[in-house]
């Protein structure tokens, strides 16, 4: 491992990337300190790969250094850092994440809200509801997923509207959400989607399954108390 750590400082970018990848594959927590240093590498590939390696190793000591990368100038680095932050976050990190809910950059706010949702912290719901109307389809999709995980039924009216979203993945996520919520008000819409030949085949199939689930819920006999 010592030889690999030395290569993290090699002049050649490809050598540093190879060393980062190898350390990540090894999965040893002894490499965490060296990989955290690589989060500040001058090359964006190395920074992003280091974030991914730390995600694989899963050491929570990397959480705070990874938070800084959410503001990196490169989208690959930010994406890698986001995945790592969401996986490595622990309940003790809630305070730092909640502070980021008011961050000026919406990408940071969304990451913080999604991470809090994974931690089952309802304080993220307000920010996630805002993202249901975001211009970014990816943000809308993530917001629906987060609110579903939190079981925030107050978001259902807005989620129902997304059953007609222009983006396929958002519509699919909305169908999954109303199914998880067992939302009977969505049943007529789901049936209409299932019969609409203009809809994407995948949406129609999932809507059909969702409608069957909701119908079965309505026909299920009440349990005697």
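Read-outs: derived from the displayed coordinates by stated rules, not from any lab. No experiment lies behind these values; they were computed from the predicted model shown. Note that we place each Cβ from the backbone using ideal geometry, even for glycine, and neighbour counts take in every protein chain shown.
Okay, residues lined up against (1) touching a strand residue (DSSP E or B) at 6+ places or on another chain (Cβ under 6 Å); (2) touching a residue at least 12 places away in the same chain (Cβ under 8 Å); (3) on the phi < 0 side of the Ramachandran plot; (4) buried (at least 21 other Cβ atoms within 10 Å of the Cβ):
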position	(1), (2), (3), (4)
19	no, yes, yes, yes
42	no, no, yes, no
51	no, yes, yes, yes
63	no, yes, yes, no
72	no, yes, yes, no
76	no, yes, yes, no
86	no, yes, yes, no
96	no, yes, yes, no
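Among (1) surrounded by fewer than 21 Cβ atoms within 10 Å (Cβ to Cβ); (2) in contact with a helix residue (DSSP H, G or I) (Cβ under 8 Å, 6 or more places away or on another chain), which single condition is residue 47 missing?
(1)
Given (1) part of a helix (DSSP H, G or I); (2) more than 27 Å from residue 89 (Cβ to Cβ), identify the lone condition not met by residue 173.
Looking at each condition in turn, residue 173 falls short on (2).
Within region 98-124, restricting attention to residues that are over 19 Å from residue 72 (Cα atoms) and surrounded by fewer than 20 Cβ atoms within 10 Å (Cβ to Cβ), which residue is nearest to the chain's Cα centre (by Cα)?
118
Specify the residue that is surrounded by the fewest Cβ atoms within 10 Å (Cβ to Cβ); the eligible residues are those in region 133-144 that are touching a residue at least 12 places away in the same chain (Cβ under 8 Å) and over 14 Å from the mean Cα position of the chain (by Cα).
Here the answer is 133.
For region 33-52, check the following and say yes or no: at least one residue is more than 21 Å from residue 75 (Cα to Cα) and assigned to a helix (DSSP H, G or I).
Within region 33-52, one or more residues are more than 21 Å from residue 75 (Cα to Cα) and assigned to a helix (DSSP H, G or I).
Look through 156, 116, 147, 128 and report the one residue that is without any contact (Cβ under 8 Å) to a residue 60 or more places away in the chain, assigned to a helix (DSSP H, G or I) and either in contact with a strand residue (DSSP E or B) (Cβ under 7 Å, 6 or more places away or on another chain) or over 21 Å from residue 93 (Cβ atoms) (or both).
156
Looking at 170, 175, 203, can you tell me which residue is more than 29 Å from residue 122 (Cβ to Cβ), touching a helix residue (DSSP H, G or I) at 6+ places or on another chain (Cβ under 6 Å) and buried (at least 19 other Cβ atoms within 10 Å of the Cβ)?
203
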